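The numbers here are math on the coordinates, done by the rules we state, and not lab data. In this text the structure is predicted, and so the values were computed from the model without any measurement. Note that each Cβ is placed from the backbone with ideal geometry, even for glycine, and that neighbours are counted across all protein chains shown.
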Amino acid sequence: MIAKFFQTLGERIQGQAGTQKAFGTPIEVHDKVLLPVARVSFAFGGGAGMVNAANAPEGMGQGGAGGGGAAVIAPLGVIEITKHETRFVPTEDWRKWSQVFVAGLMAGLVLRRLLRNKKKDERSLV
């Protein structure tokens, strides 16, 4: 039973995995060819257990098994092909997100310091 499950799972993954999932259909725009690129991730988990029949709750079976999985496809950018060059153009500007992260971190540190100073002031009044 479990071997059949994993065989079926493997066959389904083979049907879903492949370069066509990571690289889209080329798009021609003027003198350029754009090839969409995505990150494809798969995650799976499963488990099984057996119960001693004497200890099993009434109406319950002696064991069970289960599993699940997920596939995530996230766009990364496009490969831009021209007569003169080929380059990767990301869809996300990571510099922008790093600036947002640093700004959030700085705001958190300032807020932390303000709250500490407020607590010190409250203690000195008591």
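Data for the structure
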{"quantity": "Mean Cβ count within 10 Å, highest first, over the residues of peptides 77-90, 101-114", "calculated": "77-90, 101-114"}
{"quantity": "Interchain or long-range residues, amide H under 5 Å from VAL51's placed H", "calculated": "GLY63"}
